[in-house]
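The values are calculated or read from the model by the stated rules, or taken from the named source; none is laboratory data. Note that this is a predicted model, so its numbers are computed, not measured. Quick reminder, even Gly has a Cβ in these numbers, built from the backbone with ideal geometry, and neighbours come from all protein chains shown. Note: accessible area is taken over every heavy atom of the protein model, side chains too, but ligands, DNA and RNA are not part of it. Shrake-Rupley method; radii C 1.70, N 1.55, O 1.52, S 1.80 Å.
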Amino acid sequence: MANIELTVKGYTPQYMCSECGNCKSVFGKSFCSEKSRGCCWYFPKFTLYEIHRMSHSKEGIDLLDKIIKLPKTIIYNYYIHALGYFDEEGYKNYLESQDSNMYNVKDKTIFFRKCPFVKEGVGCTIPVQYRSYICNLFICEEVTSKFNEFTEYEKYIKERESFVRYIDWENNSLQALLEEKHLNLIHNFGQVIQILKEMPLENYEFPELEPLEVV
């Protein structure tokens with residue numbers, strides 16, 4: 001039996017799946033050192049939207065400081081990319097082995113990557129309200145395929161798309177403001193954070209969705 005439901009914390013939506021934590025999905029398979037990593041192979045990109053939210057609390061500022069101090073983090077003009085672990089040698093050996101065609105996955109690097117914020121026995125160590133929306137709203141295809149015939153599940157897809165469009169609009173607006181002031185995260189990090197800190201947060205009202213269950 002699989003369940004999907006929506007939770008909202010501090011105006012931040014998250015799709016919860018009962019299969020997580022006991023994942024048997026191909027997307028959750030790990031051939032790297034962290035075997036219980038689940039589907040946390042994504043290297044999160046923190047946009048101005050997430051950075052804006054972090055700037056409004058000490059907890060968020062401390063997290064931002066932790067993110068930028070990671071050895072593989074790259075700061076771009078208007079977003080921060082936190083790169084994690086990648087077993088390059090293991091990936092190369094895998095491609096040369098007979099096992100490389102075992103799973104029908106286009107990007108097979110996912111089996112050898114690990115997010116820098118996932119911790120064994122804990123999961124994601126970033127508070128929900130500061131995570132990338134991709135992490136909060138991702139549900140693997142193997143689970144979603146079970147719900148494709150549910151009319152109610154179409155609402156989950158529709159509302160996720162609406163929320164992503166809202167975040168894109170927020171990011172474009174914040175970027176335009178910073179460009180007008182000739183500021184960016186690479187050269188003016190402290191100034192950008194101060195400007196975001198002084199700007200009020202716009203909260204998105206995510207609609208309620210009925211929990212879904214399939215046997």
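Report summary: the helix-based calculation at 222 nm, which adds -39500 (n - 2.57) for every DSSP H run with n ≥ 4 and divides by the residues of the chain, gives -10500 deg cm²/dmol.
When the accessible area of the chain is computed with all protein chains present and a 1.4 Å probe, what percentage of it is carbon and sulfur? Before the final figure, lay out each step's value.
On the way: 6310 of 12430 Å².
Roughly 51 percent of what the probe reaches on the chain is carbon or sulfur.
Built from the Cα atoms of the chain, the convex hull projects on average onto 13.2 nm², one quarter of its surface area. For the cross-link pairs K24/K197; K9/K106; K29/K66, the ones whose C-alpha atoms lie over 30 Å apart are K24/K197; K9/K106.
Roughly speaking, what is the centre-to-centre gap between the stretch 144-215 and the stretch 95-119 when only Cα atoms are used, to the nearest Å? So the separation of the two Cα centres works out to 28 Å.
Evaluate Rg over Rh across the stretch 1-125, taking Cα atoms for both radii and Kirkwood's formula for Rh.
Values: Rg = 16.5 Å, Rh = 16.4 Å.
On the Cα set of the stretch 1-125, Rg over Rh gives 1.01.
Using only alpha-carbon positions in the stretch 110-215, the gyration tensor eigenvalues give semi-axes of 33, 20, 12 Å once each is multiplied by 5 and square-rooted (largest first). Between the listed residues T73, C135, I110, the Cα displaced farthest toward the positive end of the dipole of the stretch 47-158, a dipole computed from Cβ unit charges relative to the Cα centre, is found at T73. For the stretch 183-215, GluC sites (Glu not before Pro) are listed when DSSP marks them as loop and at most 13 other Cβ atoms sit within 10 Å of their Cβ; the list is E202, E205, E208. Sparse packing (at most 15 other Cβ atoms within 10 Å of the Cβ) combined with a DSSP loop state is found for the following GluC sites (Glu not before Pro) in the stretch 142-181: E149.
Out of every Cα-Cα pair that the stretch 173-215 contains, those further apart than 13 angstrom amount to 66 percent. Note: the stretch 45-97, Cα convex hull, 93 Å³ per residue.
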